[in-house]
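The values are calculated or read from the model by the stated rules, or taken from the named source; none is laboratory data. Remember, it's a predicted structure, so these values are computed and weren't measured experimentally. When we count neighbours, we look across all protein chains shown, and the Cβ atoms used for this are built from the backbone with ideal geometry, even at glycine. Areas reflect the complete protein model, heavy atoms only, side chains present, ligands, DNA and RNA absent. Shrake-Rupley method; radii C 1.70, N 1.55, O 1.52, S 1.80 Å.
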Amino acid sequence: MGELLFSQWYVQNLIQFLKSSQIYTDLQHAAQHEVSKPSIRLSELKKGVQNGLNSSGWDRKLKNAIYTYLQTHSRLSPNAAPSDHLKEPLLYLRKAQQAWEKRILKSLNSMCTELNIPLARKRPEKEQKDLLTRWTELSVDGPDLSQIRPVYAPKDFLEVIMSLQNPNYNNGETPGFYNMWGIIQVPLKVKDVNKLRLLFSEMSINQCQTGIDDHSDIPTELFDNDRMKLGRKVIAANHGPLSQEYAKKGCPFSLRAEIWTQIMGINTDDLDVMYYEQLKFNVSQHDLLVDSLLYKDVKLTATNDDQYFVFEDYLYQILLPFSRDTVVLEHFAQNSASPPKSYIRGKLGVEEFSVIYPPNGVIPFHGFAMYVVPLCFLYQDPIKLYYVFREMYVRYFFRLHSISSHPQGIVGLSLLFETLLQTHEAELFFYLKSVGCQPLKIAFKWLVRAFSGYLSADQVLLLWDRILASNSLEVLSVLAVAIFTFRKTNLMKVQSYNAAEAVLADLTTLEVIPLIQLSLFSK
Amino acid sequence: MSKTAVRLKYACDLDKSVLLNNFEARGWIAVGPEDDWNFYWANVGTIRNVFSVENGYRLQDDQVINHFPNHLELTRKDLMVKNIKRYRKDLDKDNNPLAEKDETGRYIYLDFVPQTYMLPGDYNLFVEEFRKNPNTTWIMKPSGKARGIGIFLVNKLSQLKKWSRDSKTNNFVPPSSKETYVISKYIDNPLLIGGKKFDLRLYVLVTSFRPLKCYMYRLGFCRFCTVKYNANVNDIDNMFVHLTNVSIQKQGEDYNAVHGGKWTVSNLRLYLESTRGKDVTDKLFDEIDWLIVHSLKAVSGVISNDRHCFECYGYDIIIDDNMKPWLIEVNASPSLTSTTSSDRILKYKLINDVINIVIPPGEMPDVRWTKVPQRDVLGNFYVLYDEDLAQSDPMTLDPKNKVGPGALGNRAKDAKGRPSPATWK
């Protein structure tokens, strides 16, 4: 298939997408408005309308819509492979993911049976009303959680990933030369340090960064002022690619909220508000088992976190509607995972009675709330917070807990971490391996949670700036390596896994940007 | 700087690990309060004896102690309010621009304490004010008690009458200063974060009142109510909603022992800058510094400025939803009990930094010292105001920036127009 044909097809899809989205009717209205202006000359109708749309900012909005589409739709040809190959081209990983999903679902079902609670039940009317009146203070009088336990934790997931084997790569019983040194045994292509340097070139040491150069002891007000001035200009331009470019060097606290929404093309208009209200209403209608899982997760993590406890009530206002949001299902087109199915009572296995459970297809695990908490620092309005979180999830976070060969999937990130560490900290890697402490066993949980809950909140946000700016999660692996390098002296003295874990237990004092710079650019 | 070279003798009234661990880490020698100590961490009760006229105890040049003799001028609610009121009046008389008022008669720069009356003394004044604005809530506090003891809310005059009837019939003691109450306008529009009310606990170290030398600690914290804030007056009896004292909150069933409802000031700054912008946040923190300096200036004339004394105050501040900070009260002996592990670290560092500023590291205390510590010993403190330095600072010698309060006044006007760094520091 020629390149031309593909791009034609892609553009057609894009146009189709635009035609069915709101911006199309908005543009039409705006164009009609332009036409009705008395200044329009009939002879130059088209030009006049176009100029009018440009000057009223519609060209920016259209460009932003196209940009968002480009960012979120993969440029893979549709004819090359069937749809499940698009989700995950490698058969053995596809199968591993399916087996993992089956396991999660089974454990969810057995919890239901054990505790004798349904996956879902309709709430009595009184309870519905009560829930809506308590909406902003759900932390008080939550459900009874004593019997509820998280379906899985990152370490369970790590075991699954460790057991992944490429069947074409088997060299028999003897652990020989072909075995990989780390615990990831899946051969995937990952970036080397040179490619990473290119990807994060704006972070190189000779470039001033927000998050370092605005805080140091030397008077740096100049840099800070310039950065703020530039940031305000970028925000005023309201153009996604500009904001993304700006974020490469980090966002000042006070501009981040706006920069991020521009990068992701989030506007939260009236329609979004209505949609959120509908989700909220849906929460009030039915009580789902996942609600209890979400509650339990918040109670186990955020409630006890000295940075995030103040946001507990916000988390329920985000997580519960999220579980009802079927728009989230669209991301499964690119996710190796598939939404779990359940069946209406008594119709087990009958396809026409199957329903996706939970409605958004995402079963939360221990630490899921950590994807939301850093965002609570940025958005006071729960609705805005909701859409930012949803976009972050369907763009990035879903990759951190599904098995795939995608370079930004958790397997790829884990392998990237191991490879970088082996290449650039060979001595440390082999020392830790020799005392029975595979580094990934410690770093894995950091990666799965995108470091949220491990670093201090401002550092997580600086890190996530780079995720959004590079549209890539690979910075997580780079940081994990950098942390090992940074604590190398102490790690080289440990004699056991527990001791190594203790050395790396508290990361709240770390400043992530200098660490990343050191590990990428200092050698 | 070898700390081991000089071994100070210390006395300590409080059995608190954050104190004792600090003294031991410095290799100091424990002695009794009756012995020849160099450093005495006394509780507020003892301090009266140390400085009493009958006692006749004369402190030597190598002795320092952690309270000023009459700190009550600042740390008892009624006296603090009285002093601030007088300070404003005096400035007003001098036609000082700081005492400027707006058209409703409010001080533009010095309105930082909620309206307050002393009871029973000011009862008639209070009733007059209450009748003017009958729909406000007031908070009653015994002037001599701490940690939320004896506090209640009032929104009807009848509640106050009932209280005064009850307290009269209960005991026939003449009203002494201990039984006086202050009644203050309740800040009913507090800034909420995550829907919850909080107040700020900030630590301020004063090493001298004349000239004023004070330091602000960077590691203050917010204390959150465990219960969601609800302006509904029906909740008036649920004190958990209104009071942020950890001693009160600890009794609530939702108290969390891991973080103790405490949130660092740096988190507050991150949140406020992210959601409200840098200018607004800078202005708020600038105003907090400002109100602390003026509360200290208000008492600097009446405090007996003994050279042997220093004091570390716990300032309680509430921010309202217009981002205006209000001074609620000042504690002379902020709690040194640690509720959580990060709390313990914070308080250990606090005491360490206090000692470093009060006694030059590696030296014996000497009250003849200029009390200008080296920059590098400040730790997490920063200089809030140093009257000596302010006077020698070329910035403030500029005829437009008058020394002392005048310099502060200019800053306030700057802050209104455009955000400017606090030049008066």
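So for segment B:94-141, what percent of the C-alpha to C-alpha distances run longer than 15 Å? It would help to have the intermediate numbers written out before the result.
Details: 649 of 1128 pairs.
Distances greater than 15 Å cover 58 percent of the Cα pairs.
Remark: accessible surface ordering of A:ILE212, A:ILE442, B:ILE345, A:ILE356 (largest first) is B:ILE345, A:ILE356, A:ILE212, A:ILE442, probe radius 1.4 Å. With coordinates expressed along the principal axes, the C-alpha atoms belonging to segment A:316-370 extend over 36, 25, 20 Å, beginning with the largest. Buried between A and B is an accessible area of approximately 2100 Å², summed over both sides with a 1.4 Å probe. In segment B:25-66, the portion of solvent-accessible area held by carbon and sulfur atoms comes to 48 percent [1.4 Å probe, whole percent, DNA, RNA and ligands not counted]. Between the beta carbons of A:LYS299 and A:LEU45, assuming R0 = 56 Å, the FRET efficiency works out to 0.35 to the nearest 0.05. The Cα center of segment B:344-383 and the Cα center of segment B:2-61 differ in position by 16 Å. Counting Cβ atoms of other protein chains within 10 Å of each residue's Cβ and taking the mean over peptide A:131-141 gives 2.
Residue by residue, segment A:479-484 carries 3J(HN,Hα) couplings of 5, 4, 5, 4, 5, 4 Hz when phi is fed to the Karplus relation 6.51 cos²θ - 1.76 cosθ + 1.60 (θ = phi - 60°); x denotes Gly or Pro. Within the accessible surface of segment A:336-397, defined with a 1.4 Å probe on protein heavy atoms only, the carbon and sulfur portion equals 55 percent.
Amide H contacts of B:ILE328: B:ASP316, B:ILE317, B:ILE318, each under 5 Å away and 5 or more positions distant or on a separate chain (H built 1.01 Å from N in the peptide plane; Pro and chain starts excluded). The share of Cα pairs per 5 Å bin across segment B:256-316, counted from zero up to the longest distance, runs 4, 13, 16, 17, 15, 13, 12, 8, 3, 0 percent. The Cα trace of chain A gives Rg and Dmax of 24.7, 84 Å, the first to one decimal, the second as a whole number. At a threshold of 50 Å², the residues of segment B:278-296 that become less accessible to a 1.4 Å probe in the full protein assembly than in their chain on its own are B:LYS278.
With charges only on Cβ, +1 for K and R and -1 for D and E, what is the dipole size of chain A about its Cα centre, in debye, rounded to 20? If you can, show how the numbers build up before the last one.
Details: 54 positive and 54 negative charges, 238 e Å.
Result for chain A is approximately 1140 debye, rounded to the nearest 20.
When its C-alpha radius of gyration is set against 2.2 N^0.38 Å (N residues), segment B:3-69 gives a value of 1.12. The calculated FRET efficiency for the pair B:LEU125 and B:ARG307, based on their C-beta separation and a Förster distance of 35 Å, comes to about 0.35.
Taking 0.36 nm per residue of sequence separation and removing the Cα-Cα distance, the B:VAL6/B:ASN352 pair yields an extension gain of 122.9 nm. Pairs of Cα atoms nearer than 8 Å and 6+ residues apart set the relative contact order; for chain A it is 18 percent. Its residue count N sets the reference 2.2 N^0.38 Å, and the alpha-carbon radius of gyration of the protein assembly as shown equals 1.08 times that reference. 3J(HN,Hα) couplings calculated from phi for segment B:278-283 with the Karplus curve 6.51 cos²θ - 1.76 cosθ + 1.60 (θ = phi - 60°) are, in sequence order, 6, 4, 4, 5, 4, 4 Hz; Gly and Pro show x.
May I ask for the Kirkwood hydrodynamic radius of segment B:286-373, worked out over all distinct Cα pairs and given in angstroms to one decimal?
Mean inverse Cα-Cα distance, inverted, gives 15.5 Å.
Legend: mean number of C-beta atoms from other chains within 10 angstrom of residue C-beta atoms, peptide B:262-271, equals 4.
Taking 0.36 nm per residue of separation and subtracting the Cα-Cα distance, what length does fully extending A:SER163 through A:GLU277 add?
Working: separation 114, 0.36 × 114 = 41.04 nm, distance 4.32 nm.
Contour length minus the Cα-Cα distance gives 36.7 nm.
Rolling a 1.4 angstrom probe over the protein heavy atoms with all chains in place gives segment B:3-69 an accessible area of 52 Å² per residue. Take each residue in A:307-314, count the other chain C-beta atoms within 10 Å of its C-beta, and the mean is 6.
Taking every Cα-Cα distance in segment A:1-147 and sorting them into 10 Å bins from zero, the calculated P(r) comes out as 8, 18, 16, 19, 21, 12, 4, 0 percent.
Ordering A:LEU138, B:PHE224, A:PHE444 by the projection of their Cα atoms onto the charge dipole of the protein assembly as shown, which places +1 on the Cβ of Lys and Arg and -1 on the Cβ of Asp and Glu, puts A:LEU138 at the extreme positive end. Rolling a 1.4 Å probe over the protein heavy atoms of segment A:204-314, with every protein chain left in place, gives an accessible area that is 54 percent carbon and sulfur. In this view, the solvent-accessible surface of A:MET492, computed with a 1.4 Å probe and all protein chains in place, comes to about 60 Å².
If you average over every viewing direction, what projected area does the convex hull of the Cα atoms of segment A:199-322 give, in nm²? Mind showing how you got there, number by number?
On the way: hull surface 43.5 nm².
Computed as one quarter of the Cα hull surface, the answer is 10.9 nm².
Per residue, chain A exposes an accessible area of 47 Å² to a 1.4 Å probe, with every protein chain left in place.
Counting charges near A:VAL273 (Lys, Arg +1; Asp, Glu -1) among other residues having Cβ under 12 Å from its Cβ returns a value of -3.
Estimated from helical segments only, the mean residue ellipticity of chain A at 222 nm is -17000 deg cm²/dmol, where each DSSP H run of four or more residues counts as -39500 (n - 2.57). Among the GluC sites (Glu not before Pro) within segment B:17-70, those in coil by DSSP and having at most 14 neighbouring Cβ atoms inside 10 Å are B:GLU34, B:GLU54. For segment A:249-292 versus segment A:435-449, the inter-centroid distance based on Cα atoms is 32 Å. Per-residue surface analysis assigns B:LYS85 an accessible area of about 70 Å², computed on protein heavy atoms at 1.4 Å probe radius.
If only the Cβ of Lys and Arg carry +1 and only the Cβ of Asp and Glu carry -1, the dipole of the protein assembly as shown around its Cα centre is close to 840 debye.
Please identify the chymotrypsin sites (Phe, Trp or Tyr not before Pro) of segment B:1-71 that satisfy two criteria: DSSP loop assignment and at most 14 other Cβ atoms within 10 Å. Which are they?
Working: sites: B:TYR10, B:PHE23, B:TRP28, B:TRP37, B:PHE39, B:TYR40, B:TRP41, B:PHE51, B:TYR57; in loops: B:TRP28, B:TRP37, B:TYR57.
Those satisfying the criteria are B:TYR57.
Computed over the alpha carbons of segment A:293-443, Rg followed by Dmax gives 18.8, 59 Å.
Are there trypsin sites (Lys or Arg not before Pro) in segment A:411-501 that DSSP puts in a loop and that have at most 14 other Cβ atoms within 10 Å, and which ones?
Values: sites: A:LYS433, A:LYS441, A:LYS445, A:ARG449, A:ARG466, A:ARG487, A:LYS488, A:LYS493; in loops: A:ARG449, A:ARG487, A:LYS493.
Hits after loop and neighbour filter: A:LYS493.
A simple rule links phi to the HN-Hα coupling: the Karplus curve 6.51 cos²θ - 1.76 cosθ + 1.60 with θ = phi - 60°, which for segment B:41-47 gives 9, 9, 8, 5, x, 5, 4 Hz, with x for Gly and Pro. Rounded to the nearest 20, the size of the Cβ-charge dipole of segment A:233-358 about its Cα centre is 320 debye, with Lys and Arg at +1 and Asp and Glu at -1. Going from the chain on its own to the full set of protein chains, segment A:375-415 has these residues losing 20 Å² or more of accessible surface (heavy atoms, 1.4 Å probe, no ligands, DNA or RNA): A:PHE377, A:LEU378, A:GLN380. Treating each Cα of segment A:3-72 as an identical point scatterer and ignoring solvent, apply the Debye formula and state log10 I(q)/I(0) at q = 0.20, 0.25 Å⁻¹. Log10 of I(q)/I(0), two decimals: -0.86, -1.07. Projecting the Cα positions of A:ILE66, B:LEU125, A:LEU315 onto the charge dipole of the protein assembly as shown (unit charges on Cβ atoms of Lys, Arg, Asp and Glu, taken about the Cα centre) puts A:ILE66 furthest along the positive direction. Each label point was placed 7 Å from the Cα along the Cα-to-Cβ direction; for B:ASP15 and A:TYR343 their separation is 6.9 nm.
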